[in-house]
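The values are calculated or read from the model by the stated rules, or taken from the named source; none is laboratory data. Not measured: the values here are computed from a predicted model. Cβ atoms come from the backbone with ideal geometry, glycine included; neighbour counts cover every protein chain shown. When the accessible area is computed, the model is the full protein with side chains, heavy atoms only, and any ligands, DNA or RNA have been set aside. Shrake-Rupley method; radii C 1.70, N 1.55, O 1.52, S 1.80 Å.
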Amino acid sequence: MKPKVGIPRALLYYYYFPLWRAFFQSLGAEVSLSGPTNKTVLGRGLKQAGDDVCLPVKLAFGHILELAGRVDYLFLPRLVSVAPGEYICPKFLGLPDMVRQTVDGLPPLIDTTVDLYRRHSSLWPTFARTGQRLKCGRWLVYAAYRRALAEQGRFESLLRAGRPPEQAMALAARDGNEQPPETAEQPLVAVIGHPYNIYDHYISMNLLQRLRAAGVRPVTAEMLSEETVRREAATLPKRLFWTLSRRMTGAAFYYLRDARVQGMIHVASFACGPDSITGELIERRARREGHVPFLNLTLDEHTGEAGVVTRLEAFLDMLQRCRGGGVPAAGPCRDGAPAAGTEETAGRAGCALPALVPSAAGGGNFR
Amino acid sequence: MFCRPAYKQYDDCEVLPVKVTFPHMGHAWICLSAMLEYLGVSVVVPPPSSKRTLTLGVKHGPEFACLPLKLNLGNFIEAREAGADTVLMAGGCGPCRFGYYAQVEHAILEDLGHHYRLVVMEPPQRHIGELLAKIKYVTGQSSWWQVVQGIRFGYCKARAVDELEMAAHRLRPREAVPGATSAAFKDALRVVVQAGRPADMPAAVARAREIMAAVAVEARPVLRVGIVGEIYTLLEPFANLDIERRLGELGVEVDRSIYLSEWINDHLFLGLLRNMRSRRAACRAAAPYLNHCVGGHGQETVGSTVLYARAGYDGVIQLLPFTCMPEIVAHSILPRLDIPTLTLTMDEQSGEAGLVTRLEAFVDLLEQRGKRRVSLPAAAPA
Ligand code: SF4
Ligand code: SF4
């Protein structure tokens, strides 16, 4: 019988699910994903996790509980680092322990460590150990690893082309040559936030869909190449050591200089540590440059949908007025904007995510 | 060789005279200013952290920044008013926020119009050359030998202060006259602060010990409680609302999981001094529960709690600033450990009244439990 491996639809699912899914499926396992976030899932997470924990981690607990009863293994890698010299967030480092110590009746956890902190480290050891846990032969594991990297590569180029993660995941699995999405001449609004906040429909209160419905095209950090965000983030006084936050900050700086971007929405989690630092850096830069209207949304479990919608509508109205050429009613408007960035938003070379995949091209590091 | 080097003038170069300040963290200023002044650096110690410091930090700092960042910021604003022009701070390379404190604070100060020179000491594991260059920059013409002597002097002071604190922790629950320990501690601390040269230290330490020894005590049963958590909140009485004194007055002998000199040994001397408690033991003890470093002192918090449980302590109190990431990870694990724990989250709204009530309730609980433990030795852990 096929073992069932559960993967929670939370946290870095939005970045790495295709990698994990392809790997487990190639090993002959069945991958079971928790359902989309809803009130019940969130409610269970809130009950289980401590009060002080940030919303995304609480939500992850909810998804884990949803899976706990119906899978043979729970895949919960310890994500220490996905890029040299960088971490993600202390909570990612401790998540498997937090879960193991607080949730009863868990299936066995597969909590292999992903640690690319040192230069030239590779993902292979992580996958090798994961394969061992499932008692698979080394060659089978290696083949699965290569397939996983290939699928992740496809996924990342779809992301870069402007697909939202869940769409890109579906397309990457089919390996089809899809038409690129419509990119009509629409005003752009940059949405800067952790992927697990902005792409979760329930948590973000359909922010991206609302923007599209209002006739603007949301652009995010995931649509920029790693080089671009790195170059932009390098203008900071010190290298940021959190991968997600570095990407968000770099992307924000890039979009602040892109003449087509008409507004910026920063989405933060209540009580998120890294956001409190990078949000400050981004907002200060935006204010200093002063020509892109900026909206800060902080999400927590008590955020009322009505309040968010009102603020969003007011913000969009303001953008509209700016576009109409009228005098801005509130906040600054673009005047004498700097030249557009040097890159197109779609169809860039390079890799959207920290160097996970490039190594796929040149032989696996069999260590 | 112990004499003070003459004050270094910068008038022959483009660098302006440097008046160095640093953020407060409990009694760390004693050790830092001793070291810098020994090296002829002029130091502006920020006024002790106060309500005003906090108000300034909260007003200008990011809303969800942790409490230490806000207090640091307040310290810098107040030190600026006292004439400081250079900030000396430690850095870090993650995963915790502390590594980016200096840069964010600097950006905020710049926007406020307080132009500081920023000297960040990044951890020596990485760019040792850069660190040495920065030390040279701050200390001017001092020779390396003098720098080493200065560091030794500062460390000596840290040891002395820690010894006094430990004595106060032991005496306070047993003192015959309420308040006598705290008064003696203040006097003894002043003696240590006033020792201006390394050669004065032995006499000052002896005198301080005498002062502490003169506190009259009574033999009475006391509870023993370990205090763990985020280092700044542990070391800074203003941030923890003077919890050690309050517990002492409730009849509790406290032990703090980390003292300044231990921190210096772990982080500046890279644990080279062997004869003292080190974070390695705590991390080893934490491994079954939290098997990876999570930044800050998260793993040490879990490990120290395990060690306190093994050592037969009555309870453990965890202190953390609101939104502190490593301690939140630790917090979710503490209830699994076989010892009663109380977690106190400190932020700008923490009030004394609430704290006192919670401490009293916790102490009551420990007393009840202690009695039960005595009468029913085989009782299952509560
Ligand atoms: S980065 Fe922020 S939101 Fe994400 S886990 Fe860490 S604290 Fe939570
Ligand atoms: S350990 Fe906690 S309080 Fe200290 S910098 Fe990190 S998050 Fe802030």
In the range B:101-155, residues that are outside any helix (DSSP H, G or I), open to solvent by less than 50 Å² (accessible area, probe 1.4 Å) and within 22 Å of B:E262 (Cα to Cα) total 5
Check the range A:83-93 and report whether any residue there is open to solvent by 10 Å² or more (accessible area, probe 1.4 Å), assigned to a loop (DSSP other than H, G, I, E, B) and more than 14 Å from chain B (Cβ to nearest Cβ).
no
Residues located in the range B:47-82, provided they are touching a strand residue (DSSP E or B) at 6+ places or on another chain (Cβ under 6 Å) and part of a loop (DSSP other than H, G, I, E, B)
B:C66
Every listed condition ((1) crowded, with 21+ Cβ neighbours inside 10 Å; (2) outside any helix (DSSP H, G or I)) holds for B:H331 save (2)
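Return yes when A:V141 is within 16 Å of ligand 2 (Cβ to nearest atom) and either open to solvent by less than 10 Å² (accessible area, probe 1.4 Å) or not aromatic (F, W, Y) (or both) and no when it is not. First the steps, then the outcome.
Details: within 16 Å of ligand 2 (Cβ to nearest atom): no; either open to solvent by less than 10 Å² (accessible area, probe 1.4 Å) or not aromatic (F, W, Y) (or both): yes.
Criteria not met by A:V141.
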Restricting attention to the range A:110-127, which residues are open to solvent by 20 Å² or more (accessible area, probe 1.4 Å) and more than 20 Å from A:F92 (Cβ to Cβ)?
A:R119, A:H120
Selection from the range A:220-244 of residues that are away from every other protein chain (no Cβ under 14 Å), of a type in the set (A, V, I, L, M) and open to solvent by 10 Å² or more (accessible area, probe 1.4 Å):
A:M223
Would you please name the residue that is farthest from ligand 1 (Cβ to nearest atom), looking only at residues in the range A:36-56 that are within 14 Å of chain B (Cβ to nearest Cβ) and aliphatic (A, V, I, L, M)?
A:L46
Over the range A:43-67, the set of residues farther than 25 Å from B:P321 by Cα and under 22 Å from the mean Cα position of the chain (by Cα) is A:G62, A:H63, A:I64, A:L65, A:E66, A:L67
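Assess whether A:V99 counts as being more than 23 Å from A:V41 (Cα to Cα), within 12 Å of another protein chain (Cβ to nearest Cβ) and of a type in the set (A, V, I, L, M, F, W, C).
For A:V99, the condition - more than 23 Å from A:V41 (Cα to Cα), within 12 Å of another protein chain (Cβ to nearest Cβ) and of a type in the set (A, V, I, L, M, F, W, C) - is not met.
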Subset of the range B:69-87, residues surrounded by fewer than 24 Cβ atoms within 10 Å (Cβ to Cβ) and either under 17 Å from the mean Cα position of the chain (by Cα) or not polar (S, T, N, Q) (or both), comes to B:I77, B:E78, B:R80, B:E81, B:A82, B:G83, B:D85
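Listed here are the residues, each with its yes/no results for (1) touching a residue at least 40 places away in the same chain (Cβ under 8 Å); (2) more than 16 Å from ligand 1 (Cβ to nearest atom).
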| residue | (1), (2) |
| --- | --- |
| A:N206 | no, yes |
| A:R217 | no, yes |
| A:E222 | yes, no |
| A:S225 | yes, yes |
| A:T235 | no, yes |
| A:R239 | yes, yes |
| A:W242 | yes, no |
Name the single residue, out of those in the range A:245-277 being more than 23 Å from B:E63 (Cβ to Cβ) and outside any helix (DSSP H, G or I), that is farthest from the other protein chains (Cβ to nearest Cβ).
A:R260
Taking A:D275 as the residue in question, decide whether it is touching a residue at least 60 places away in the same chain (Cβ under 8 Å) and more than 10 Å from ligand 1 (Cβ to nearest atom).
no
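So, restricting to helices (runs of 4 or more DSSP H) that lie completely within the range B:238-322, which ones have at least 2 residues that are of a type in the set (S, T, Y) and surrounded by 19 or more Cβ atoms within 10 Å (Cβ to Cβ)? If you could, list the steps in order and put the result at the bottom.
Numbers: elements: B:243-249, B:260-267, B:279-286, B:298-310.
In the range B:238-322, the matching helices (runs of 4 or more DSSP H) lie at B:298-310.
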Counting only residues that are part of a loop (DSSP other than H, G, I, E, B), surrounded by fewer than 22 Cβ atoms within 10 Å (Cβ to Cβ) and among the hydrophobic types (A, V, I, L, M, F, W, C), how many does the range B:88-100 have?
1
Could you go through the range A:14-35 and let me know if any residue there is surrounded by fewer than 23 Cβ atoms within 10 Å (Cβ to Cβ), within 16 Å of ligand 1 (Cβ to nearest atom) and more than 17 Å from A:A173 (Cβ to Cβ).
no
So, of the residues in the range B:311-339 that are within 12 Å of ligand 2 (Cβ to nearest atom) and aliphatic (A, V, I, L, M), which turns out to be farthest from the other protein chains (Cβ to nearest Cβ)?
B:L319
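Do the conditions hold for A:S204, that is, is it polar (S, T, N, Q) and either more than 26 Å from A:R288 (Cα to Cα) or at pLDDT 95 or above (or both)? It would help to see each step written out before you state the result.
Details: polar (S, T, N, Q): yes; either more than 26 Å from A:R288 (Cα to Cα) or at pLDDT 95 or above (or both): yes.
In short, yes.
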Of the candidates A:G43, A:G50, the one satisfying the condition of being within 16 Å of ligand 2 (Cβ to nearest atom) and open to solvent by 20 Å² or more (accessible area, probe 1.4 Å) is A:G50
